[in-house]
Structures are given as structure tokens and as C-alpha cells.
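Here's the structure, in C-alpha cells; my notes come after.
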Amino acid sequence: MTASSVLVCLETVPEGGLRKAQIELVAAGRVLGPVSVALAGQAPDTLVRELGELGVSTVYTPGDADLSSHLVAPKAAWIAAVVAADQPSAVVLDNSFEGKEIAARLGVKLDAGVVTDVVALEPDGTAHKSVLAGSYEVRARATSATAVFTVKAGAGEGAPAPAATTAAVKTIEVPADAFERAARVTSRTERPKSGRPDLAEASIVVAGGRGTDGDFGPIEQLADVLGAAVGASRAATDAGWIGHDFQVGQTGKTVSPQLYISAGISGAIQQKAGMQTSKVIVAVNSDPESPVFEIADFGVVGDLFKVLPQAAEEIKRRRES
């Protein structure tokens, strides 16, 4: 892959600045070459400066067009227009459901090779791809003029090395026909705020599964003591014990915290795919034969309803002493 520009696609950025996952996405793009950003929203001066400090040369915006009022079709059409203007050798998106759908649409529009579930990129365009729910890692390269990658959260090494520059802001209009047959978002319900960190951003995650039997009290208690996010297995979310937004796994969110505490989760391949890159994994399960112990750094064979409250109380006691 040549050192031509790489286009990193970012969703709307929170008022507090770039999220950790967004910074990692820029870092992943910089592995391939100089980075431009397609920002599907407004670009205030503070954000432009922040992107410049990360080495971003150009920030493309859709102007006054509101891409958030529709589903992905207009956004994919706009990014394709940005690619036509920027002529990048690669497009990098997040590995969310929306990111994958946009990548698929770009593959068709650009006649480009698409590689999803990327866990690492090499300067020559080789992608390390997670397959079979994280059981194996393969290498893949696109032979098309432009390659499209979706990169898993936590796959990057954090913030890219400083390469401060002054980012230019350019407006690329959304194609006139992009909204003609696009599905429109008619309403939104704000998610209740728990005061806990975002699951995808948290440095500590406490997750519960079928073993909770629907009672996430001990999970939440330990999470609050540690300042952690709460996660869940697919079995727990499918049972309606907790919202699907908390699901970690192949069909949920991918997390890579410093500490992942798994409680009452068997550790089946579906769950493993979403948390195996965690730095330290602690498993609590009453079944000593549970598969989760095969990937755990530390394991506790015991009842989570006894172990977790004891851990929370001990942490409180040590902090107060």
C-alpha cells in the first residue's frame, strides 16, 4: 500500500471531545499513512485542534446536512463522495453494526475490498482479522485501489504518537439523491444515565451472565465500588434481565479494559469474542469446569452472590483504612 492518505470515518463527537475508541481509530489509520477524517457532524474549533494534535491533516464535514436524521444510506453516499474528493488508499471505520453496513455499501459503491473485524493493521495494508468468534486470527489484504477496513474497539494501542499539525476543514456536500429513498429516524429516546462509565470506554468492566439468575445487584455493587462499567452475556440480555446495550460478545460490544471481571458467565465462544483482548481477566463461577477459566488470568470457584459482595466490602474497607 502506498503512503497516500487514509480516510478515517468518525461519528458525531461528544461535547467533551473524542472518545477513546475514536482516538484509537485515528491511531489505526495512521499506521497506514497520513490521515484525513470524515466527520459525520459539526466540527467545532476545539475538535479540529484536537484532531490536528493527532496528526489529522484534513477534516471533511457534510456542511449543514443532518446525517443523523436518517439511517446509514445517506452517510454511506456522503463518505463515497468524500473518497472521490480525497482519493485515499484506505477507508477506516469502527466495527459497529453501522460501521459494517457502511463498509459493505462502500465496497459496492467503490468496487473496493472490505475487511471487517480487524484487530491490527500493518503499514503495507495487511489486516489481522479475528475469525470464528475470536478463535483464530488471519491476515488479509485487499487488492483493490481503495481498501475498506472496520477496526474493532480496543484493537489500537491508544493515542497515536504526537504529530501536531493544523487540520484544514473542508465541506463535501451530501449527494442530492442520497435522501430520496433513505429510512428516516422519526424519534429517539434518551438512554437513562447510570453514572457509570460507557461500556466500550471503561478501563474496568464487571459482567454478569446466566449465573445471576436475573439479579444484577452484586454485579452493580462491585462495579460501583470499582468505578467500573456493567456488562452482560447474551444469555442475560436475551432473558430480558438487562438491556441489550450491555451485551459483550460476538453479537454485542467488543471491550478491551484493563480489568474484566466475569461473574456467572460460562465463557462460551460468543462471549469470548467480545472480551478476550482484556488485559486482565478475573472469572467467578461455581462450575470448576466452566470454559471461562481457560482464558482467565485469575479464577474463583464460588457463588457470585457470596464472592462479589465480599470483594466489594473488602475494597471499601481497604480504601477507608
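Only the coordinates and a few stated rules stand behind these numbers; no lab work does. Values in this document were obtained by computation on a predicted structure and should not be read as measured data. No Cβ is skipped: glycine too gets one built from the backbone with ideal geometry, and neighbour counts run over all protein chains shown.
From helices alone, the chain scores -8500 deg cm²/dmol at 222 nm; the rule is -39500 (n - 2.57) for each run of n ≥ 4 DSSP H residues, then divide by the residue total. Between I269, G211, P257, the Cα set farthest toward the positive side of the dipole of the range 204-320 (charges on each charged residue's Cβ, about the Cα centre) is that of P257. Summarising the label geometry, the points placed 7 Å from Cα in the beta-carbon direction at D213 and V185 lie 4.0 nm from one another. Ordering 278-284, 23-29 by mean Cβ neighbour count within 10 Å, with the highest value first, yields 23-29, 278-284.
Computed from label points 7 Å out along Cα-Cβ, the spacing between D111 and V131 is 2.6 nm. Comparing K306, K109, K170 in a Gaussian network model of the chain (Cα springs below 10 Å), the most mobile by mean-square fluctuation is K306. Specify which residue in the list T237, L71, V35 is farthest towards the positive end of the charge dipole of the chain, using unit charges on the beta carbon of Lys, Arg (+1) and Asp, Glu (-1), about the Cα centre. The one lying farthest along the dipole's positive direction is V35.
Taking amide H positions as modeled 1.01 Å from N, with prolines and chain starts lacking one, the residues under 5 Å from D117 and 5 or more places away or on another chain are T150. Each principal axis of the Cα cloud of the chain was evaluated for its coordinate range; sorted largest first, these ranges are 59, 42, 39 Å.
Largest mean-square fluctuation among V118, V138, V292, in a Gaussian network model of the chain whose springs join Cα atoms under 10 Å apart, belongs to V138. Which parts of the range 18-57 would a label at T12 reach, counting a residue when its backbone N lies under 20 Å from a point 7 Å out along Cα-to-Cβ? Flagged as within label range: 18-23, 37-51. In order along the range 40-49, phi translates into HN-Hα couplings of 7, x, 7, 10, x, 4, 4, 5, 4, 5 Hz, rounded to whole numbers, per the Karplus curve 6.51 cos²θ - 1.76 cosθ + 1.60 with θ = phi - 60° and x for Gly and Pro. Out of every Cα pair in the range 214-321, what percent are spaced more than 24 Å from each other? For the range 214-321, the fraction of Cα-Cα distances above 24 Å is 17 percent.
By the count of other C-beta atoms within 10 Å, a proxy for reagent exposure, Y260, Y136 are ordered fewest to most as Y136, Y260.
Net length available on complete extension from T165 to A239 is 21.7 nm, with 0.36 nm assigned per residue and the Cα-Cα distance removed.
Springs between Cα atoms under 10 Å define the GNM used for the chain, and in it the highest mean-square fluctuation of S266, S290, S135 occurs at S135.
Computed from the C-beta positions of S194 and V280, the FRET efficiency with R₀ = 25 Å rounds to 0.60. Per-residue Karplus couplings for the range 89-95, computed as 6.51 cos²θ - 1.76 cosθ + 1.60 with θ equal to phi - 60°, are listed in order as 7, 8, 10, 10, 10, 6, 9 Hz, Gly and Pro entered as x.
Net length available on complete extension from E320 to T143 is 57.8 nm, with 0.36 nm assigned per residue and the Cα-Cα distance removed. The shape of the range 100-153 comes out oblate: with a ≥ b ≥ c from the C-alpha gyration tensor, a/c is at least 1.5 while a/b does not beat b/c.
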